[in-house]
Amino acid sequence: MKTVKKYIKLNDFAAFYQIETEVLNTFADVGLIHPIPEVNDLVIPYEEVDRCERAIRIYQDLDVNPEGIDIILEMRDKIKQLQDELNFLRRQLFQLKDQNQFPEVIDDEY
């Protein structure tokens with residue numbers, strides 16, 4: 001089965017969020033978004049819309065430059081990854097505990 005990719009025109013996205021297309025071009029230069037050239041226009045892959053919306057909010061609300069936005073979003077992604085890993089490990093721990101396979105903990109002082 002062929003997967004259909006969805007895109008939004010860069011100009012339409014800018015108009016909707018009332019932001020200059022130059023700001024989105026700057027986001028692209030920094031690597032926050034990855035627009036794709038289409039016939040007479042640039043488009044943003046739909047899977048990048050959420051990240052672009054976050055970048056716009058940070059840019060407008062907090063007046064952070066694009067390089068700072070990149071750092072903030074990377075840190076956010078890393079925190080999300082660590083939270084997912086922690087939740088996974090907690091589920092494994094509870095499964096072991098429920099199956100009485102929990103290893104005995106020896107309480108040594110260092």
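The values are calculated or read from the model by the stated rules, or taken from the named source; none is laboratory data. Keep in mind the model is a prediction, meaning the values are calculated, not measured. When we count neighbours, we look across all protein chains shown, and the Cβ atoms used for this are built from the backbone with ideal geometry, even at glycine.
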Gln92 vs. criteria exposed (fewer than 11 other Cβ atoms within 10 Å of the Cβ), at pLDDT below 95 and not in a helix (DSSP H, G or I): no
Total residues in region 45-56, condition at pLDDT below 95 and over 11 Å from the mean Cα position of the chain (by Cα): 2
Being assigned to a helix (DSSP H, G or I) and over 13 Å from the mean Cα position of the chain (by Cα): is that true of Leu42 here? no
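Quick test for you: out of Glu53, Glu67, Glu74, pick the one residue that is part of a helix (DSSP H, G or I) and free of Cβ contacts under 8 Å to residues at least 24 places away in the same chain. Can you show your working first?
Numbers: Glu53 fails: free of Cβ contacts under 8 Å to residues at least 24 places away in the same chain; Glu67 fails: free of Cβ contacts under 8 Å to residues at least 24 places away in the same chain.
Testing whether each residue is part of a helix (DSSP H, G or I) and free of Cβ contacts under 8 Å to residues at least 24 places away in the same chain leaves just Glu74.
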